[in-house]
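Novice: Once you've had a glance at the structure underneath, I'll fire off some questions.
The values are calculated or read from the model by the stated rules, or taken from the named source; none is laboratory data. What you see is a predicted model, and the numbers here were worked out from it, not measured in a lab. In this analysis, Cβ positions are derived from the backbone assuming ideal geometry, glycine residues included, and neighbour counts consider all displayed protein chains. For the accessible areas, the whole protein counts, side chains as well, though only heavy atoms, and no ligand, DNA or RNA atoms are used. Shrake-Rupley method; radii C 1.70, N 1.55, O 1.52, S 1.80 Å.
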Amino acid sequence: MRDMVSENAKRLEASPIRAILDRAAALRAQGKPVIPFSAGEPDFPTPEPIKAATMQAIADNYSHYASNRGLPALRKILAKKIQGDTGLAYDPETEILITSSGAEALNNSILTFVNPGDEVIIPTPAFVSYKNLVKFAGGTFVDIPLRADNGFQLDADEIEAHITSKTKMIILNNPNNPSGAVYSREVLERVAALAVKYDLLVLSDEMYSRLVYDGAEFISMAALPGMRERTIVVSGFSKSYAMTGWRLGYIATAKELAGPILKVHQYSTTCSPTFIQQGLVNSLELPETEEAVKEMLAAFARRREMIVKGLQAIPNITPVVPKGAFYVMVDVSATGKSGMEFAQELLEEHSVATVPAVGLGDSCGDYIRISYAASDEDIQEGLRRMEAFVKAISK
Ligand SMILES: Cc1ncc(COP(=O)(O)O)c(C=O)c1O
């Protein structure tokens, strides 16, 4: 047969971190007690009120297609929630789209706006999808490597230095996976001013907006002057509501941008599962749901302290203290190993699964990413094994 694969699909790269994740899964299947520091998902079950309301929605036969944009009642609740959190008013009729996951929201947003040849600025390290989706659309990924010595903060000067007549979009993820950075108001305002000056779109992935610590303040890019009309906010339920397997996300953006995205959404998924949307309509605003979310957020805050302290106590490795999300980047270069070697050996010899950060940014070869969305016991045990590993290789 001829080579049937499209040029678009050929541009997608297999993730270099896939191999290690597959190996971790294989070790688990052999019965090895692998510590899950690699997965970007809460270990908690979905809050009970959401589960109960969704089971009821199935019993009540919410099993037909919903509106392409999503159930009106859910859009209304989300618009109210966004306004409460950020002060931004989005019209639920035309400016909120429910998607089947944040991943779909990213895919649709990038495919809607990126033409072949358009340049898209992505500060790295970054979530792997951005670069690949830009390439899939035929766009050019413009890498802005961030520096660990300032906690991987955004650098507006670097961004401006990379803007050309072909630049179409900047993709930001705040709070950030994998760095744990929460971008300061000052730097966001500077990037916003650049977006206005050069007439750019900003795709603002705010998936972890509720996960901030140590008094860090989350600021939505869309809330800054001149940005509502040019920012596509992507968020979802996977992380804050422990709903990774449910696959529900949303987009909030000006109606001039939402309309074209809706067309891509129509032809990719038609609509997101109706009973899940109805379950959320009946549970999202319950005080019990909010209590469950707050308990999880408190657990992440506690685990962050536990893991940072534990890592700081291990010689020859240095964590970059995160302010948000549930990841921590760790510099392992003083052990004499690259992040990839460190992660591979730690997995093979001590059954601790981490992510070599080179898969998330070319400049991050010295780092591994640890997810602390793991149980307290797993965190303690993982730290013990890491310490034993580092001691053994430092002899
Ligand atoms: C930064 C970021 N954005 C988006 C997503 C996608 O989330 P989901 O597709 O589960 O909604 C993830 C998941 O890991 C993420 O880390």
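Novice: Given q = 0.20, 0.23 Å⁻¹, what are the Debye log10 I(q)/I(0) values for segment 178-227, with equal point scatterers placed on the Cα positions and solvent ignored?
Specialist: Results for segment 178-227 at q = 0.20, 0.23 Å⁻¹ read -0.70, -0.89.
Novice: With a ≥ b ≥ c the root eigenvalues of the C-alpha gyration tensor of segment 217-269, is it rounded (a/c under 1.5), prolate (a/b larger than b/c) or oblate? Could the numbers behind the result be given before it?
Specialist: Details: a/c = 4.94, a/b = 1.13, b/c = 4.35.
It comes out oblate by the Cα gyration axes.
Novice: Let me ask you something else. Only helical DSSP H runs with n ≥ 4 go in: add -39500 (n - 2.57) per run for the chain, normalise by residue count and round the 222 nm mean residue ellipticity to 500 deg cm²/dmol. If you can, show how the numbers build up before the last one.
Specialist: Numbers: 13 runs with 161 residues, N = 395.
About -13000 deg cm²/dmol.
Novice: Out of Ala258, Ala325, Ala26, any idea which swings most in a Gaussian network model of the chain, alpha carbons joined below 10 Å?
Specialist: Among Ala258, Ala325, Ala26, the largest mean-square fluctuation in the Gaussian network model of the chain belongs to Ala26.
Novice: Same structure again: Ignoring any ligand, DNA or RNA, what whole percent of the accessible area of the chain comes from carbon and sulfur when the probe is 1.4 angstrom? Display every interim value, and only then the final one.
Specialist: Numbers: 8600 of 16460 Å².
C and S fraction of accessible area: 52 percent.
Novice: With every protein chain left in place and a probe of 1.4 Å, what is the accessible surface of Ser235, to the nearest 10 Å²?
Specialist: About 10 Å², rounded to the nearest 10.
Novice: Give, to the nearest whole percent, the P(r) tail of the chain beyond 28 angstrom, counting all Cα pairs. Write out the running numbers ahead of the final one.
Specialist: Numbers: 36923 of 77815 pairs.
Counting every Cα pair in the chain, those more than 28 Å apart make up 47 percent.
Novice: Additional query: Which of these, Gly336, Gly249, Gly40, has the largest mean-square fluctuation under a Gaussian network model of the chain (Cα springs below 10 Å)?
Specialist: Gly336
Novice: Solvent-accessible area per residue for the chain at a 1.4 Å probe radius, Å²? Write down the numbers at each step before the final one.
Specialist: Details: 16460 Å² over 395 residues.
For the chain, the per-residue accessible area is 42 Å².
Novice: Which length gain, in nm to one decimal place, applies between Tyr267 and Glu48 when the Cα-Cα distance is subtracted from 0.36 nm times their residue separation? Let's see the in-between values first.
Specialist: Working: separation 219, 0.36 × 219 = 78.84 nm, distance 3.30 nm.
Taking Tyr267 through Glu48 to full extension adds about 75.5 nm, to one decimal.
Novice: Right, here's the next one. What does the accessible area of Lys51 come to, in Å² to the nearest 10, when a probe of 1.4 Å is used?
Specialist: 60
Novice: Quick check: with the 1.4 Å probe, what order do Glu377, Glu345 take by accessible area, largest first?
Specialist: Values: Glu377 130, Glu345 50 Å².
The residues order as Glu377, Glu345, largest area first.
Novice: Rolling a 1.4 angstrom probe over the protein chains, ignoring ligands and nucleic acids, what is the accessible area of Asp378 in square angstrom, nearest 10?
Specialist: Spelled out: Asp378, probe radius 1.4 Å, area about 50 Å².
Novice: Provide Val212, Val321 ordered by accessible surface of protein heavy atoms (probe 1.4 Å), highest first. Please list the in-between numbers first.
Specialist: Numbers: Val212 45, Val321 70 Å².
Listed by decreasing accessible area, they come as Val321, Val212.
Novice: In segment 103-183, which trypsin sites (Lys or Arg not before Pro) fall in coil by DSSP and have 14 or fewer other Cβ atoms within 10 Å?
Specialist: Values: sites: Lys131, Lys135, Arg147, Lys166, Lys168; in loops: Arg147, Lys166.
Within segment 103-183, the qualifying trypsin sites (Lys or Arg not before Pro) (loop, at most 14 other Cβ atoms within 10 Å) are Arg147, Lys166.
Novice: Is there a pair in Lys80/Lys294; Lys51/Lys135; Lys76/Lys294 whose C-alpha atoms are over 29 Å apart, and which pairs would that be? Show your work: numbers first, answer last.
Specialist: Values: Lys80/Lys294 19 Å; Lys51/Lys135 37 Å; Lys76/Lys294 22 Å.
Long pairs (Cα-Cα over 29 Å): Lys51/Lys135.
Novice: Oh, and also: In segment 186-266, which GluC sites (Glu not before Pro) fall in coil by DSSP and have 11 or fewer other Cβ atoms within 10 Å? Present the calculation step by step, with values, prior to reporting the outcome.
Specialist: On the way: sites: Glu186, Glu189, Glu206, Glu217, Glu229, Glu256; in loops: Glu206, Glu217.
Passing both the DSSP loop test and the Cβ count: Glu217.
Novice: Compute the length gained on full extension between Asp22 and Asp214: take 0.36 nm times their separation in residues and subtract their Cα-Cα distance, giving the result in nm to one decimal. Display every interim value, and only then the final one.
Specialist: Details: separation 192, 0.36 × 192 = 69.12 nm, distance 3.45 nm.
Stretched out fully, the Asp22 to Asp214 stretch lengthens by 65.7 nm.
Novice: What order do Glu348, Glu119 take when sorted by accessible area (1.4 Å probe), most exposed first?
Specialist: Working: Glu348 90, Glu119 35 Å².
Most to least solvent-accessible, the answer reads Glu348, Glu119.
Novice: Strictly greater than 26 Å: what percent of every Cα pair in segment 64-284 meets that? Present the calculation step by step, with values, prior to reporting the outcome.
Specialist: Working: 7468 of 24310 pairs.
When all Cα pairs of segment 64-284 are counted, 31 percent exceed 26 Å.
Novice: Could you give P(r) for segment 52-109, binned at 5 Å from zero, as whole percent values over all Cα-Cα pairs?
Specialist: 4, 17, 19, 24, 21, 11, 4, 0
Novice: Using the per-residue mean of other Cβ atoms lying within 10 Å as a proxy for protection, in what order, highest first, do the peptides 103-111, 170-178, 27-35, 277-285 fall? Intermediate values should be presented prior to the final figure.
Specialist: Working: 103-111: 24.0, 170-178: 26.2, 27-35: 14.0, 277-285: 21.9.
Taking the mean over residues of other Cβ atoms within 10 Å, the ranking is 170-178, 103-111, 277-285, 27-35.
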